[in-house]
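Only the coordinates and a few stated rules stand behind these numbers; no lab work does. From a predicted model like this one, the values you see are computed outputs, not experimental measurements. Positions of Cβ are generated from backbone atoms using ideal geometry, with glycine treated the same way; all protein chains shown enter the neighbour counts.
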Amino acid sequence: MALFEVAIYNELVKRAMQSGEPAAYSDDWADTRYIEVSARDEMDARRKVLAKYPKDKGFVIRGIGPA
């Protein structure tokens, strides 16, 4: 297994902050966060992150690379 760094943010939080509306998650999610995940390859890292931070909840992966 390799260690990957995943750049992720929440588009719904970003939009809510821009319009002054409350968001379902912390305002911190409007900015890119970096998460480390142990995975076989980049696709496996993406799968693991999206299982915890799903697209339908507004999460967007900006990039994945070696940690």
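Given the chain, what strands (runs of 3 or more DSSP E) lie entirely inside it while holding 1 or more residues that are touching a residue at least 40 places away in the same chain (Cβ under 8 Å) and under 15 Å from the mean Cα position of the chain (by Cα)? I'd like the intermediate steps shown before the answer.
Details: elements: 2-10, 33-39, 59-66.
Where strands (runs of 3 or more DSSP E) fall fully within the chain and carry at least 1 residues being touching a residue at least 40 places away in the same chain (Cβ under 8 Å) and under 15 Å from the mean Cα position of the chain (by Cα), they are 2-10, 59-66.
Can you give me the number of residues within region 10-64 that are loosely packed, with under 11 Cβ neighbours inside 10 Å and of a type in the set (Gly, Ala, Ser)?
Total satisfying the criteria: 4.
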